Amino acid sequence: MPTHDVVIVGAGLAGMRAALEVCKAGLDVAIVSKVHPSRSHSGAAQGGIAAALDNVGIAERNMPPAKISGENVDEKVTADTPVDWRTMEGKPAYEVKNDSPLLHWFDICKGGDYLVDQDAAELCAFLAPQLIYEYEHWGCAFSRLPDGRIAQREFGGHQAPRACYAADRTGHACLHALFEQVMKNAKKIKIYSEFLMLDLILRDGVCGGIVVYDLRTGQLDVIRAKATIFATGGYGRAFSVTTNAFASTGDGVAIAYRNGIPLEDMEFVQFHPTGLYRLGILLSEAARGEGAYLLNGKMERFMQRYAPTKMEKGPRDIVARAEQIEIMEGRGGGPNKDYVYLDFRPIGEKRIREALPQISELVRRFVNLDPFKEPVPIQPSAHYSMGGIPVNIKGEVVVDTQNEQKIIGFYAAGECSCMSVHGANRLGVNSLLEATVTGYLAGKSAVEFIQGGAPLPDLPPDATARADAELKAILNNDGGENCAALAKELKETMMEKCGVFRDEDNLKKCLAKIKDLQVRFRRVSISDKGKTFNTALQDAIELGHMLDFSEVIVVGALARKESRGGHARLEYFDMKTYENIRDDENFLKHTLGYKEDDGVRLAYKPVKIYKFKPEARKY
Amino acid sequence: MEQVIFRIQRFNPDAGDKEPHFQDYVLTDDDLPLNESTVLDALNHIKWYQDDTLAHRMSCRSAICGSCAMRVNGHTKLVCRTQVSSVVRDGVVTIQPMRNMPIIKDLVVDMKMFWDKMQAVEPYLQPSDPDPEKERRQDPAVFKQYEFEATCIMCGCCVSDCTVLEVDDAFLGPAALAKAKRFVYDDRDGKKRERLQKLSGPGGIWDCVRCNECVQSCPVVVRPMDAIIKLREAALREGIGTETVGARHVKFFTESVVKTGVLDERELPMKAMGMGWALANMGTALPAILKGKIKPPPLGRHKVEKAEDVQRIYKELEEKK
């Protein structure tokens, strides 16, 4: 039974960044991951990582002047003294000429439709430059400007060109830079590669490690630790059309939920506007940043209708909804009019080869089209999970409605966590940044906690009992339900009834379907009873996770009777102006979903707003 | 394509398998549209609906995570980006695990050797100056010199298809060497000489036989063999490892062609391996010479007509460098 100071689950940007922070402090750290670290899905991010380095001027890229509005003028108001936004006087809009963390901070808050916890966004924006420079010092292969500084480009919702990039492989470049540092510290960082986490060891509000299953040997074991950090990634695999990897099944989120920890803002799922039609394979927003057009079946640049000034460079939620409306109103392309087009031709062949080499290769390989010659069929695809395990700005997991009650020794970072940097909608290139920042913060907090004298919690005698029962229930089952068939039903239902647009009727049907699938899941049986690399068993465990958290997504979406950011309800959507109808009076609050025997119990917690007064979100 | 037979190499230690064997699975257009499916789609369909004991690795299914490398009709590929239509031969697609690594189960191999070799080249930046406050500036032209190797996704395709690793476990292999090249050509790194010295040793850059398999199988743009050649150039430029067999081979090769316009294959082994080696192998060489299998060592050098043209081309190329 291995014991470490800190055990981290997940080896993407958040997990590895946290591990390096712990390693730096000289503590004993382990990373547990169900895939080898270099396979982590952070590596699939393409377009960039945001930081207000101001390497490229706003005017230089012919962008409109940047504006900050609703800023509070009271200098005394800080994160520690939040004010109620209703009494807050916001400064009138003013223009800024250069990029700055302040402008980045404002863009995040507005982009997240003001559901952003402003203290979290502040940390992200202000820590960004130094964490990007750190990547560079580690050797990250960033693209460069002629003068040798890190190159930056535009991205939707950012008012300055602040996306630092490595061609269209930025996630890969960052992931490998981190993995190189992990290899440099190979003697100090223990890696449990291809281990599934099955349970959290939690007693009386104190976390003492995790229960793991070694895929290679089929052994169940406990990894004890003084501090446990979840960095398990997103949950996009619950949808049939997704940019996410097969591994993105929200395991950490589900396991936290099963242990009585609430899930926050799960209804906010980002649909990426440019996933390949039916496949969901990601074509970076960088394509639009570089000048690609969006066209409907009539070859019109339909963004004219929805965001006439930003056009294709609008934020993701707005562009995804525009596409969905074009499809719903019969202006899609193809025989079923169920997709729109991304047209690379305006960018020019030379610049495509230079700045977007990977995506043009993907298009050729996966849909056998030449992006230099013809527009590419695309559709909104489930992409990013704004919600997750609630944490405060130190990455500590908090379970109550006042952000006060912590789980001792338990931290979360990256996409599985919800520090609410992104609120209701994440801006592009902020995910790699958030993973890095929250990983750094969680690592730092864990170090502080242990150096403060945290003991190793006692191991409950029945620590592996639940995981053992879960395995046996699947291995000994002869109910005859096929795991893949059930997963397919779940994903298609979520896509169709809880997708870009939702409504009460469809959400209710979706919830009923999930309940039915949860019952049928108890009859899932597999033929592989072996111990070695039993991926059938893994598939079933992951489906169990998805069925649990999907219910929270739908229940949260049903209760949120408004449209905000990535959550759009048809009943609360203006089909004339194509705008979300937001209800700040009743819904400017975070959803918390707790697991009860008969389903999800909802509670709400306030949003931390102290700098930027919520305003109508227009682009 | 109405139906395709997927001939999959199976090995399940839990089922008592001692040796791998093949098992056929048939998929039809009713199962999934074969013309629009990747080999990974097919494998998943088999696993999900026909035989869940089949094990294979996968994750991103968009050719960036590097999980799903395996041999398709003998050549290692990422199956997520390989269309069935591009590999089906007479209605059959043969799928086997990667080579040069032990099999764990079915199409899943143990990549420990891959990671150990990677670790051996110290695959991380080692600057000699303290970190500046902001970024280290880097000329975009320098970035271009290692940009391709930096795209390595560590899938193992090149290592699986490497013909040297097939016979020599000590070889660092194409992936690790390409990774090393990425640091040797990155001007932020301060260990260029030390790296080249180490890489010029046994198992290093001179052990590649330049068969080009790694270039063929690399699913991204790394071109490991080209990276190895670039490392050799850098080592020779730095005067490192010039007395290794490989370096002497290259030197004599060039010398012979420049002087005479033709490669003297009789003299090459003696120059590369040395006279000691030549004498030690006389027992093999003499009978072969007597039977006319190989020609005796040269007494004088044969020069082709217009060898001056070759010299002129060489001179121009040297000047262009």
Two-site FRET efficiency, A:LYS298 against A:ALA512, from Cβ-Cβ distance with R₀ of 41 Å, rounded to 0.05: 0.60
Dipole magnitude of the stretch A:305-405, debye to nearest 20 (Cβ charges: Lys/Arg +1, Asp/Glu -1, about Cα centre): 480
For the stretch A:131-143, Karplus couplings with θ = phi - 60° (6.51, -1.76, 1.60), whole Hz, Gly/Pro x: 6, 6, 4, 4, 4, 4, 5, 7, x, 3, 7, 5, 5
Residue among B:ARG232, B:ARG89, B:ARG182 with the largest mean-square fluctuation in a Gaussian network model of chain B, springs linking Cα atoms under 10 Å: B:ARG89
Prolate/oblate/rounded call for the stretch B:112-157, Cα gyration tensor, a/c under 1.5 rounded: oblate
For A:133-140, mean number of other protein chain Cβ atoms within 10 Å: 6
The stretch A:321-417: chymotrypsin sites (Phe, Trp or Tyr not before Pro) in DSSP coil with no more than 15 other Cβ atoms inside 10 Å: A:PHE372
Approximate spin-label separation B:THR284-B:ARG137, in nm, with each point projected 7 Å along Cα-to-Cβ: 5.6
Net charge over other residues, Cβ less than 10 angstrom from the Cβ of B:VAL92 (K, R count +1; D, E count -1): 0
Extension gain (nm, one decimal) between B:ARG193 and B:VAL26, 0.36 nm per residue minus Cα-Cα: 54.6 nm
For B:ASP106, distant residues with modelled amide H under 5 Å away: B:PHE11, B:ASN12
Cα-centred dipole magnitude for the protein assembly as shown, charges only on beta-carbon of K, R (+1) and D, E (-1), debye, nearest 20: 2420
Distance (nanometres) between label positions extended 7 Å along Cα→Cβ at A:ASN482 and B:LEU263: 5.6
FRET efficiency for B:ASP110 and A:GLN219, using Cβ-Cβ distance with R0 set to 22 Å, rounded to 0.05: 0.85
Global form of the stretch A:16-56, assessed from the alpha-carbon gyration tensor, a/c cut-off 1.5: oblate
Spin-label pair B:ILE294/B:GLU19, simplified geometry with 7 Å Cα→Cβ offset, distance in nm: 3.7
Computed FRET value (nearest 0.05) for A:ARG61 with B:THR163, which takes r as the C-beta separation and R₀ as 51 Å: 0.55
Signed unit charges on C-beta, dipole axis of chain A, positive-most listed residue A:PRO375, A:ILE210, A:ALA473: A:PRO375
Amide H partners (placed H, <5 Å) of A:ILE31, local residues excluded: A:ILE8, A:LYS190, A:ILE191, A:TYR192
Residue-averaged [θ]222 nm for chain A, counting only DSSP H segments that reach four residues, each worth -39500 (n - 2.57): -10000 deg cm²/dmol
Set of lysines near A:LYS491 by C-alpha distance (under 23 Å), chain-local residues within fewer than 8 positions excluded: A:LYS34, A:LYS337, A:LYS508, A:LYS509, A:LYS513, A:LYS515, A:LYS595, B:LYS47
Other-chain or far-sequence residues with amide H under 5 Å of A:HIS36's (modelled H): A:GLU194
Partner chain coverage, peptide A:356-362 - average Cβ within 10 angstrom: 3
Ranked B:LYS291, A:LYS110, A:LYS337, criterion: other C-beta atoms within 10 Å, fewest first: B:LYS291, A:LYS337, A:LYS110
Furthest towards positive pole of dipole, B:HIS21, B:VAL108, B:TYR49, structure part the stretch B:3-109, Cβ charges: B:VAL108
Cβ-placed point charges (K, R +1; D, E -1), dipole of the stretch B:245-320 about Cα centre in debye, nearest 20: 280
J(HN,Hα) series, the stretch A:548-565, from Karplus relation 6.51 cos²θ - 1.76 cosθ + 1.60, nearest Hz, glycine and proline x: 5, 6, 4, 4, 5, 4, 6, 5, x, 5, 5, 6, 7, 8, 6, 10, 8, x
HN-Hα J in Hz across the stretch B:244-260 - Karplus 6.51, -1.76, 1.60, θ = phi - 60°, x for Gly and Pro: 6, 3, x, 5, 5, 4, 4, 5, 5, 3, 5, 4, 4, 5, 5, 6, 10
Listed residue (B:VAL4, B:CYS60, B:VAL84) projecting farthest to the positive dipole end of the stretch B:3-109, Cβ model: B:CYS60
Shielding score for B:174-186, defined as the mean number of other chain Cβ atoms within 10 Å: 1
Tensor-based shape of the stretch B:245-320 (alpha-carbon gyration tensor, a/c under 1.5 rounded, otherwise prolate or oblate): oblate
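Bear in mind that the values in this text are calculations on the coordinates, not laboratory data. This structure is a prediction, so every number in the text was calculated from the model and none was measured. Methodologically, a virtual Cβ is constructed for each residue, glycine included, from the backbone with ideal geometry; neighbour enumeration extends over all protein chains shown.
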